[in-house]
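The values are calculated or read from the model by the stated rules, or taken from the named source; none is laboratory data. Given the structure is predicted, the values throughout are model-derived calculations rather than measurements. Please note: Cβ atoms are built from the backbone with ideal geometry, for glycine as well, and neighbour counts cover all protein chains shown. For accessibility, only protein heavy atoms count, side chains too; no ligands or nucleic acids. Shrake-Rupley method; radii C 1.70, N 1.55, O 1.52, S 1.80 Å.
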Amino acid sequence: MFKKIGPGFLIAAAFIGPGTVTTCTLAGVGFGFALLWALLLSVITTVVFQEMAARIGILTKQGLAASIRSQLQKPWARNSVTVIILSAVVIGNAAYEAGNIGGAVLGLEAFTGSQPSPWFSWFIGAGVFVLLFAGSYKTLEKVFITLVILMSISFILAAFLTRPEVGKVLAGLFIPSLPEGGLFTVVALIGTTVVPYNLFLHASLVSEKWESVKDLKAIRWDTVLSIGLGGLISMAIVVSASASGLTEVSSGLDLARGLEPLYGKAATYFLGIGLFAAGITSAITAPLAAAYVAASCFNWKEGLSGRRFRMVWGLILLVGVLSQFLNIRPIEIIQFAQVANGLLLPVICVFLLWIVNQSALMGRYRNKTWQNIAGGLLLLLIVFLGLKSILSVIFAL
């Protein structure tokens, strides 16, 4: 079974970042267990589209961006899609990297009980640099499996400490409801799980682990298991937050502080470890995904240890560390990235559905009818998320 575990754990680790921890904390504090169904829906959506991306990756042996570009005959269409992809993933991940590193710093502070130090960001950045520079997929896989398991233990134990009522948890999970003021949080919960750059990352990574389409069963097992576990972690955060007694939330660290008076120092340690793991995994996958996207767009064949590949992730990591160290928040760049991601997600999902139905490319592995129906229905949700992301930026200006 463990030999079949692979890049899915990198995808799960990628979407459980500091932003997800904060969003799930807000959901639990504001609405208790009522919005757990939104996380279940987001996990299903993620599994459906990530499986399509992985299937394209193992069949074509190239990145998702290259697969999309190869299907576009008109230069203007090919160039337009390339600009959107590069803007959303490369520029966007550079803008978000400071938050990823910042989340890891907060977790480190909570676990060690030490005072905030600006040098923590350099320490974390150095660790990320060493892992990525090693250029070994097997090493990254082992690190991510360890970190996801660490997050699972940390957040699920914290949830058990709160002793939630199982009946209420199940009701929130399987009986959809929308409390007053809950729509924005539902959108945020789904949006923080269904992440555009993970589609590109997954399509590129499957060829690092597996060799042929004969491994498709293992790829699907890995996808369902790892993303399902990621969803379970997110749900555990919601459950923990519902018992925290908090009234205001500014970061995931607030959850640790809220649980400490009720459940002791152990809750702080568990959540501190979990938040550190969430931050460090996202701090690794964001520059890694950007490098894979650039390589796919520009047809670089050099792989993880290539000079240009390293230059891309190195630049994004440096921007993130400096922004965190100097306490810089590039609001305009973040807003631009939000708009680009809002455009990218529905566009990429449309292309996914289109490509996985191309008989010439996919052969007998093209979508079945039920997969197209499920993908089409979930695409409507994706379009809504994209519009909401763009409108939220427009009205914030």
Using only alpha carbon pairs under 8 Å that are at least six residues apart, calculate the relative contact order of the chain and give it in whole percent. 38
Divide by every residue of the chain the summed helix terms, -39500 (n - 2.57) for each DSSP H run of at least 4, and state the resulting mean residue ellipticity at 222 nm, rounded to the nearest 500 deg cm²/dmol. -25500 deg cm²/dmol
Counting Lys +1, Arg +1, Asp -1, Glu -1, what net charge surrounds S80 among other residues with beta carbon under 13 Å of its beta carbon? +3
Compute the distribution of all C-alpha to C-alpha distances in the stretch 130-185, in bins of 10 Å from 0, and list the percent of pairs in each, rounded to whole numbers. 17, 25, 27, 19, 11
The rounded separation in angstrom of the Cα centers of the stretch 203-279 and the stretch 1-55 is 8
Accessible area (Å², per residue) of the chain, counting only protein heavy atoms and a probe of 1.4 Å: 43
Using θ = phi - 60° and the Karplus curve 6.51 cos²θ - 1.76 cosθ + 1.60, what whole-Hz ³J(HN,Hα) does each residue of the stretch 8-18 get, with Gly and Pro shown as x? x, 5, 5, 5, 4, 5, 5, 7, 8, x, x
Cross-link pairs beyond the 22 Å C-alpha cut-off, checked among K138/K217; K142/K368; K61/K388; K214/K301; K74/K368; K61/K301: K142/K368; K61/K388; K214/K301; K74/K368
Short version: ³J(HN,Hα) in whole Hz for each residue of the stretch 380-392, in order, from phi by Karplus 6.51 cos²θ - 1.76 cosθ + 1.60 (θ = phi - 60°), x for Gly and Pro, what are they? 4, 5, 4, 4, 4, 4, x, 4, 5, 5, 5, 5, 5
For L178, residues with placed amide H under 5 Å, excluding near neighbours: none
Rounded to whole Hz and in sequence order, give me ³J(HN,Hα) for the stretch 177-188 from the Karplus expression 6.51 cos²θ - 1.76 cosθ + 1.60, θ = phi - 60°, writing x for Gly and Pro. 8, 10, x, 4, x, x, 4, 4, 5, 4, 4, 5
What is the extension gain from L387 to K265, computed as 0.36 nm multiplied by their sequence separation minus the C-alpha to C-alpha distance, in nm to one decimal? 39.7 nm
Within the accessible area of the chain, what % is carbon and sulfur when the probe is 1.4 Å and the other protein chains stay in place? 68
Out of the trypsin sites (Lys or Arg not before Pro) in the stretch 13-69, which ones are loop residues according to DSSP with at most 15 other C-beta atoms within 10 Å? K61
Across all directions of projection, what mean area in square nanometres is found for the Cα convex hull of the chain? 18.6
Between L377 and R364, what is the label-to-label distance in nm when each label sits 7 Å out along the Cα-to-Cβ direction? 2.8
Considering amide H positions built from the backbone, and no H for Pro or chain starts, which residues 5 or more places from N367, or on another chain, come under 5 Å of its amide H? N357
Listed residue (T20, V195, F270) projecting farthest to the positive dipole end of the chain, Cβ model: V195
